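Contents: one structure, followed by commentary.
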Amino acid sequence: MTKAKHLARKRFGQNFLQDQRVINQIISRFHPQKGECIVEIGPGLGALTWPLLEQIDELHAIELDRDLVARFEADPRASGHLHLHQHDVLDFDFSSLTNATARLRIIGNLPYNISTPLIFHLLEYAPIIQDMMLMLQKEVVQRITAGPGGKNYGRLSVMVQARCAVEKILDVSSGAFSPPPKVDSAVVRIVPHTAVVVDIPDSENFARIVKASFKQRRKTLRNNLKGLLNDVEISAAGVDPSARAETLSLEDFSALAKQIT
Ligand code: SAM
């Protein structure tokens, strides 16, 4: 029996990958191995799911759309191999999937409408994540990978790079999807550091400083950090109070965060 056609739902950010060359490149760069604890976010119609399951025996998949979950459940290829979690990934507890030996490997062509909050959610699980291979809006990948000094460098760049190594893997044009999204896409690899690269003794203070520093990009740190740090404290961190956040290194943000008492 042939399956009924699934109509893509905009509210779930459904743009299904259909370019086999792109799919192959993503999977080969991800390099899944048997025995790893691999989690796919938003398996959709299975564009990445089925090729993954050709290489590994077990895969977790988190999908919000009930109809898509039902399609997988009805597919004999999934039985015993695909562990479906019908859940909103934004409040999914990733620690429920780990065991004592393996950290998580995460892959997904993400729903673009929730990509930034989802990355912040995933960062909370950085210590139990080995790596992530994520398809995102190209502009978001540019922000994640940007260094100081440019217009793309901001809160997302600092918060991700303070805890992870990042690398753009692939640009993907909208023609690779059905329906095509209105924006270009890119794949990024995000690998949480296993050793301390940026010293962050208090992650809440670090997050507060970074958020406040970029509150109004055109304003100086002196302005944006009002109520958190004064000129003397900013200078004590080795940072010029009249500088703008976009010129600061990760270490500068770390030094500023340590000034909060
Ligand atoms: N992986 C498929 C592919 O590449 O063709 C589908 C990718 S599509 C861009 C995003 C997928 O994420 C859809 O299947 C959508 O239903 C699912 N999704 C959207 N919002 C979600 C959420 N909050 N939690 C879990 N899955 C979600």
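The values are calculated or read from the model by the stated rules, or taken from the named source; none is laboratory data. The structure presented is a predicted model; accordingly, all values stated were derived computationally and were not measured. Heads up, the Cβs are rebuilt from the backbone with ideal geometry, glycines too, and the neighbour counts pull from every protein chain shown. The accessibility values were calculated without ligands, DNA or RNA, using every heavy atom of the protein model including side chains. Shrake-Rupley method; radii C 1.70, N 1.55, O 1.52, S 1.80 Å.
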* For the range 98-128, which residues satisfy the criterion of being part of a loop (DSSP other than H, G, I, E, B) and closer than 11 Å to I41 by Cβ? -> L110, P111
* Taking S178 as meeting all but one of (1) out of contact with any strand residue (DSSP E or B) (no Cβ under 6 Å at 6 or more places or on another chain); (2) at pLDDT 95 or above, write down the number of the exception. => (1)
* Exclusive hit being outside any helix (DSSP H, G or I), more than 17 Å from L48 (Cα to Cα), more than 16 Å from the ligand (Cβ to nearest atom) and modelled with pLDDT of 95 or more, set V191, V196 -> V191
* To do: Scan L122, L156, L64 and give me the residue that is within 14 Å of the ligand (Cβ to nearest atom) and under 13 Å from the mean Cα position of the chain (by Cα).
  => L122
* Can you tell me which of D57, D91 is loosely packed, with under 15 Cβ neighbours inside 10 Å, within 14 Å of the ligand (Cβ to nearest atom) and in contact (Cβ under 8 Å) with a residue 24 or more places away in the chain? -> D91
* Selection count where residues are aliphatic (A, V, I, L, M) and part of a loop (DSSP other than H, G, I, E, B), scope the range 160-174 -> 1
* Which of (1) free of Cβ contacts under 8 Å to residues at least 60 places away in the same chain; (2) in contact with a strand residue (DSSP E or B) (Cβ under 9 Å, 6 or more places away or on another chain); (3) more than 15 Å from the ligand (Cβ to nearest atom) does L82 not meet, given it meets every other one? -> (3)
* Structure fact -> Within the range 1-19, restricting to residues that are open to solvent by 100 Å² or more (accessible area, probe 1.4 Å) and not in a loop (DSSP other than H, G, I, E, B), the one that is farthest from the ligand (Cβ to nearest atom) is K10
